[in-house]
Every structure is written in C-alpha cells, then in structure tokens.
Amino acid sequence: MALDPLLVWIAVACTATLLAHAALAKLGDLALFRQHLAAYGVPTVLLPLLGGLLPLAETGAALMLLTPWRAAGAALAVALLLLYAAAMAWQRARGRRLDCGCGGEPLPLSWALVLRNLALAALAAAAAAPMHARALSLGDFAVIAGALLLATLLHAALHQTLRHRARLSLRS
C-alpha cells in the first residue's frame, strides 16, 4: 500500500533522528554501554563486539534511511527496535529492574518502554512504505520539520514522565 510521501518522510525523519541520537549516546560512553549490555546478561566475550556493533548498526540504519536504501535502513531499524523491546520484555518478565540503557539520565526498565519500542518499530516500518508519486512542497518540508520537533518533544516528555514515576515508586 503506497502512502503519501509526507507521511513516509515524517517516519524517516523521526526514525533516523532517534537512531542517530541512540548511537551517539552509546558511542559517547562505550564503557557505560558495555555495562548495560552486561547487566542484560550479554556474555563477557561478546561485550566488545556488540558494544561496537550495535551503535554502528544504529548509525548505518539512520544513514540508510536517507538514501535510496531507505527500505533496508527501515528494516534494520525495525529489527533493532524489536531486539531492544524483546530484551527489555525478557528482563521485566524475570522481574529485573535495570537501567534501560536508552542514554541520558538513568531510566528503569518498564513495560511502557517495551510498548514504546514496539510503537517505534511500527513507525520505522512506515519509513519503508512505498510512496505515491508526488513532489514535496516547501510547506511539506515545514510540516516534516514540525512533526520531527513535536515527536522529539513527546519522546523526551515520555522519558521524563517515566523517570518521575520511577522516583515516586521508589519513595513509596
């Protein structure tokens, strides 16, 4: 099913920005990222490999989304987001309360984060959709920029709400 290019490019912009941010957070402190992987139960021998491979995969997916290999970048993004959702769900099902490893201020794992990643995977899948043939106007680009800004603010607000909720649950 072909979508309007405006919708596809909003999905592309949001997914590429999310993955670029995630990669930069991991690459900015690889030692901390490897600690998160270890806490998730990744075997020690795989930590150096996955510690470097996952941020590179996120970077590659973000870049591919902006090229003629958009569908491959979207597929990689979906795979990464589903992998992260599965890892979080596995840890929550076991009753473990780890830092999600999402970057920034610590954020405890929650089922809300699992659902967030599933929603982000659906958004990434939309980035691969075929598009109706129509040229984007200057107004369309403004809408894409506005939607990206709104999505970024909503994502940050969700994280702050989840952090606040976690602090409240620790107090009680």
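The values are calculated or read from the model by the stated rules, or taken from the named source; none is laboratory data. The model shown is predicted, which means the values in this text are computed figures rather than measured ones. Note that we place each Cβ from the backbone using ideal geometry, even for glycine, and neighbour counts take in every protein chain shown. These accessible areas exclude ligands, DNA and RNA; they are computed on the full protein's heavy atoms, side chains included. Shrake-Rupley method; radii C 1.70, N 1.55, O 1.52, S 1.80 Å.
Test Leu136 against the stated conditions and say whether it is assigned to a loop (DSSP other than H, G, I, E, B) and either modelled with pLDDT under 95 or not small (Gly, Ala, Ser) (or both).
yes
Can you tell me which residue among Thr44, Thr17 is under 17 Å from Ile144 (Cβ atoms) and either among the acidic types (Asp, Glu) or open to solvent by 40 Å² or more (accessible area, probe 1.4 Å) (or both)?
Answer to the selection: Thr17.
Among (1) out of contact with any Asp or Glu (no Cβ under 9 Å at 6 or more places or on another chain); (2) open to solvent by 40 Å² or more (accessible area, probe 1.4 Å); (3) over 21 Å from Ala128 (Cα atoms), there is one condition Gly51 misses while meeting the rest; what is its number?
Gly51 satisfies all of (1) out of contact with any Asp or Glu (no Cβ under 9 Å at 6 or more places or on another chain); (2) open to solvent by 40 Å² or more (accessible area, probe 1.4 Å); (3) over 21 Å from Ala128 (Cα atoms) except (2).
If I filter the stretch 38-74 down to residues being touching a residue at least 40 places away in the same chain (Cβ under 8 Å) and of a type in the set (Ser, Thr, Tyr), which single residue comes out as farthest from Ala22 (Cα to Cα)?
Top of the filtered list is Tyr40.
Could you list, in sequence order, all residues of the stretch 80-108 that are in a helix (DSSP H, G or I), open to solvent by 60 Å² or more (accessible area, probe 1.4 Å) and touching a residue at least 24 places away in the same chain (Cβ under 8 Å)?
Matches in the stretch 80-108: Leu82 only.
Taking the conditions exactly as written (part of a helix (DSSP H, G or I), in contact (Cβ under 8 Å) with a residue 60 or more places away in the chain and not polar (S, T, N, Q)), does Leu168 satisfy them or not?
The answer is no for Leu168.
Answer yes or no: is there a residue in the stretch 35-48 that is closer than 16 Å to Ala125 by Cβ and small (Gly, Ala, Ser).
No, there is no match, as no residue in the stretch 35-48 is closer than 16 Å to Ala125 by Cβ and small (Gly, Ala, Ser).
For (1) assigned to a helix (DSSP H, G or I); (2) at pLDDT below 95, each residue gets a yes or a no:
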site: Leu118; (1), (2): yes, no
site: Ala124; (1), (2): yes, no
site: Ala128; (1), (2): no, no
site: Asp140; (1), (2): yes, yes
site: Val143; (1), (2): yes, no
site: Ala147; (1), (2): yes, no
site: Leu153; (1), (2): yes, no
site: Ala157; (1), (2): yes, yes
site: Thr161; (1), (2): yes, yes
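What number of residues within the stretch 109-154 are basic (Lys, Arg) and open to solvent by 60 Å² or more (accessible area, probe 1.4 Å)?
1
If you check Ala74 against the conditions, is it closer than 16 Å to Ile10 by Cα, part of a helix (DSSP H, G or I) and open to solvent by 30 Å² or more (accessible area, probe 1.4 Å)?
No.
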